[in-house]
Amino acid sequence: MTPRKMLEKTYSGLCTIKGTTTVKIDGETIIQEGIIAENQPCRLSHNSNAHAKQGSVSAEVSQMVKLFLAPEIEVKPGSKIAVIQHGRTYNLEASGLPAVYSTHQEINLVEVGKA
């Protein structure tokens with residue numbers, strides 16, 4: 001079994017990646033948010049425990065996570081990624097530059113939500 005296949009056996013999630021795309025409408029090029037990739041096998045690893053910052057009404061929680069994904073999928077910085085893993089949905093943002101290897105890529109992300 002190849003190293004890539006061994007790594008892909010650890011993927012327990014599916015992700016949808018949203019980013020900016022260009023579309024031509026009536027001859028005009030418009031930049032809009034669109035789906036780059038959908039239902040891609042992946043694995044989410046939690047780099048830090050969630051910490052909260054108290055706001056006036058509710059607390060805001062953020063957590064650093066790392067996404068492992070196939071290397072051929074192009075994920076641009078600033079993409080928004082939704083991951084379903086272990087029955088939970090994670091809405092992630094602020095993607096950085098991916099570290100791309102022959103077997104996979106690793107992308108650092110931030111999960112932000114309300115507590």
Qualifying residue in the range 27-34 (condition: touching a strand residue (DSSP E or B) at 6+ places or on another chain (Cβ under 9 Å), in a loop (DSSP other than H, G, I, E, B) and either loosely packed, with under 11 Cβ neighbours inside 10 Å or modelled with pLDDT under 85 (or both)): no
Close pairs from the range 24-44: first within 23 Å of H86 (Cβ to Cβ), partner among the acidic types (D, E) and surrounded by 10 or more Cβ atoms within 10 Å (Cβ to Cβ), Cβ under 7 Å, at least 6 apart: P41/E8
Sole residue being loosely packed, with under 12 Cβ neighbours inside 10 Å, within 19 Å of S12 (Cα to Cα) and modelled with pLDDT under 95, chosen from N47, N39: N47
Counted residues, the range 60-115 - those being in a strand (DSSP E or B), surrounded by 13 or more Cβ atoms within 10 Å (Cβ to Cβ), under 11 Å from the mean Cα position of the chain (by Cα) and not small (G, A, S): 18
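The values are calculated or read from the model by the stated rules, or taken from the named source; none is laboratory data. None of these values were measured; they are calculated from a predicted model. No Cβ is skipped: glycine too gets one built from the backbone with ideal geometry, and neighbour counts run over all protein chains shown.
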